[in-house]
Amino acid sequence: MNWTEEDEKAPLFKQNESARTELSKETIDGEIATLNLGPTHPATHGIFQNILQVDGEKILSSEQTVGYIHRAFEKIAERRPYNQITPLTDRLNYCSSPINNMGWHMTVEKLIGADISKRVDYMRVIIMELARIADHLVCNSVIGVDTGALTGFTYVFQEREKIYELYEEVCGARLTTNVGRIGGFERDFSPEFHKKLKNFLQTFPKVFNEFDSLLARNRIFMDRTRNAGPISGERALEYGFTGPNLRAAGIDYDVRHMNPYSSYQDFDFIIPVGVNGDTYDRFMVRQEEIRQSLKIIEQAYNNLPEGDYHADIPEFYLPPKDMVYNNMEALIYHFKIVMGETPVPVGEVYHSVEGGNGEVGFHLISDGGRSPYRLQFRRPCFIYYQAYPEMITGQTISDAVLTLSSLNVIAGELDG
Amino acid sequence: MGKIEDLQVINGEGYQLTRLEKVLGTARANSVWPLPFATSCCGIEYMATMGSNYDLARFGMERMSFSPRQADLLIVAGTISKKLGPVLKQVYEQMAEPKWVLSVGACACSGGIFDTYSVLQGIDRIIPVDVYVPGCPPRPEQIIDGIIRIHELVKNEPLRRRYSDEYKHLLKDYNIETNDPEQSDK
Amino acid sequence: MTQNSLTNESVFERIKAQFGEGILAMEEPYGMLTLEVKPETVHDLVKWLKEDDKFQVSFLTLLGGIHYPENTGKELGVNYHLHSLVHNFRIRLRAYFPIENPEIDSITDIHTCANWMERETYDFYGIQFKGHPNLVRILNEDTMDYFPMRKEYHLEDATREDKDDRFFGR
């Protein structure tokens, strides 16, 4: 082969290079790819689908599909007696089932006008705040996992197991607790519960502070989470945000403070707020809320009033078993409650509690029948998850993953 | 767990005799790669099972395989709605043989308390299931028990099972296309 | 603890003065002001409540449908729960319309979060929200051909064959 001067001057990969310049001008820079995030993507904790339009790493737009675990709670609730709806509320936000359970009980108590004793209120507060800790622990440790720090997750899950053990002492179940009854609790706190709670209150802050020191001021974690998925307070309100996600955007709306239920007005606690509404703020708000929850539990436990652990509403509260065997009246009540034949007043009531993710509301319309005529749940996740495309537009894919986990979208609550 | 005695080894001077099936079974059983298909409440209990207290890694399941192509065991934990059914079936079809399915929780096994218009009444209507774990949700101990039973199945599976007519017939019942190794070899 | 400067009476009087004919009935079940409103009025009322300086009812808590098969001409309805975070005042609005023509104005232009709640209501009850940007099913499959939350439809899967009604007392 004879080389000429021209050949030497000519660029070696002439054709390819021209093709490459063409690509970089027209296609590579302006290339828009479609990325299907979900429904079974390891980075989405739950079953959600997001069809992203991405330019390289940058997200241009996102389209959501939900409803993959739609279970028709509201339709089931129209067929179940009042006391059988409690297990349904468990499965809405299964990270903090007791809050939902008690929210439902309080709704029915509001409807029937039951008089609830202080002791029941305080007992409920203890269980609900434990549930809030459990909920926030899952969310915050999973933010850690998504930034690449698995240690925190394995560490706090050990403590979370202790909360499960406390639930077990009260109701026998771990996750879907079905705790309490309409009117109070099925049994008083056992001596073992007192022992375990004291132990938990002693050991948990230490472990929690260690977890906090792993992430909260960690340079890598902060760089990774700050400005990831921010939302302004104004937009958050328009999108119906509630709970820690709204507070991270700087708005101090908390149902516990605004419309106190279950004697929350007795306790001294602060409502932490963030500034930017980004992933880091959401993380920090949840961290502080865990501390405040501990404070509330301590106050409630130290001032636990004496009294009965349930209200005096024989038509709704199951009588003790030995009474059922030996007392005609108790037997009748037992039968009526179990068969769901207790008359309830006709009425319409809305009651809301501060759940793990925000305002969990129950809109109950009763026509006096054995089951509600209509029961609508306000599921906070369902309402605020709409904002997700707006929050991740212009962000990178890895930030989108973080945003999703910091919003703490629970599939059961999302899809109803 | 895979003890060497289970292999029924005949030891001699300078040689060991056992059945290939047993060796392969033990090897597979101790390195099952699970694909967690966790949708709802049971997924949280599954997370607890993976966590440090129950520690699924003890059973050779340290690595969660989120890609169906590299997974051996499909763990379906939680409610599967009719909308999600085709997705689950596709995930199952994408897994390479041999594959096993563990159905965790009442919803996955039978629809559970959700006997409604939108919920699939048991995943065994769309894919074959090897082990069912009841409970709503099952405790981590129960999930571990289910996994140990899967291990037993894996360990004792005959090498020819996946080629057998019964197995092909089973998949045909579910309208699942077999990527038959014998067919593709030809 | 919470400032509640608005009372049901004062709010109702101002709304009545503003909308007059549009307000059909007023109730106070368990202390919450509940107004039955003409379907045409809902959009304007929600907008007015949000923009009014005195009320600032700017938070949409909940939106959902309801079905009363016996109320001829008013079979379907929509409930709105609104919340004034400034005054901590909650108000419930509702509008009924006939099942043959279930139409109401969408409020997505006032409250962004109404988008999915209206889609869910359409999915469950088949209520048409006029002016909604994307009114398609959200929770159920697109191929579903009925509106499951209407009272005449069964909870259970109609295609299920393995359940023998004799064993369930039906």
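Brief remarks follow.
- In sequence order, segment B:19-30 has phi-based couplings of 8, 4, 3, 5, 5, 5, x, 5, 5, 5, 5, 8 Hz under the Karplus curve 6.51 cos²θ - 1.76 cosθ + 1.60, θ = phi - 60°, and Gly or Pro positions carry x.
- In chain A, Cα pairs under 8 Å separated by at least six residues give a relative contact order of 24 percent.
- Net charge contributed by nearby residues that have their C-beta within less than 11 Å of residue C:41 (K/R +1, D/E -1): -3
- Vicinal HN-Hα couplings computed from phi for segment C:36-45 (Karplus, 6.51 cos²θ - 1.76 cosθ + 1.60; Hz; Gly/Pro x): 8, 10, 5, x, 5, 7, 3, 4, 5, 5
- Where A meets B: accessible area buried, both sides, 1.4 Å probe, Å²: 2700
- For chain B, the longest site-free run once chymotrypsin sites (Phe, Trp or Tyr not before Pro) in DSSP loop states with at most 16 other Cβ atoms within 10 Å are removed: B:67-173
- Figure note: A:266, A:223 ranked by solvent-accessible area, largest first, 1.4 Å probe, ligands and nucleic acids not counted: A:223, A:266.
- Vicinal HN-Hα couplings computed from phi for segment B:116-127 (Karplus, 6.51 cos²θ - 1.76 cosθ + 1.60; Hz; Gly/Pro x): 10, 5, 9, 9, 5, 7, x, 6, 6, 7, 10, 9
- For segment B:33-159, the fraction of 1.4 Å probe accessible surface lying on carbon and sulfur atoms is 54 percent.
- Carbon-plus-sulfur accessible fraction, segment C:23-170 (probe radius 1.4 Å, protein heavy atoms only): 47%.
- Apportionment of accessible area to carbon and sulfur, segment A:73-415, percent (1.4 Å): 51
- Antiparallel bridge percentage (DSSP; both residues within segment B:33-159; nearest 5): 5
- Normalising the average separation of contacting C-alpha pairs (under 8 angstrom, six or more residues apart) by the number of residues puts the relative contact order of segment B:33-159 at 26 percent.
- Probe 1.4 Å, accessible area per residue of the protein assembly as shown, Å²: 42
- Toward the positive end of the charge dipole of segment A:73-415, with +1 on the Cβ of Lys and Arg and -1 on the Cβ of Asp and Glu, the farthest Cα among A:185, A:149, A:73 is that of A:149.
- When A and C come together, around 3900 square angstrom of accessible surface is lost from both chains combined, probe 1.4 Å.
- Residue A:206 paired with residue C:21, simple spin-label distance in nm, labels 7 Å along Cα-to-beta-carbon: 7.5
- For chain B: rounded, prolate or oblate by the Cα gyration tensor [a/c cutoff 1.5]: oblate
The values are calculated or read from the model by the stated rules, or taken from the named source; none is laboratory data. Quantities reported herein were computed from a predicted structural model and do not represent experimental measurements. Here the Cβ is made from the backbone with ideal geometry for all residues, glycine too, and neighbour counts use every protein chain on show. These area figures cover heavy atoms from the full protein model, side chains too; ligands, DNA and RNA do not enter into them. Shrake-Rupley method; radii C 1.70, N 1.55, O 1.52, S 1.80 Å.
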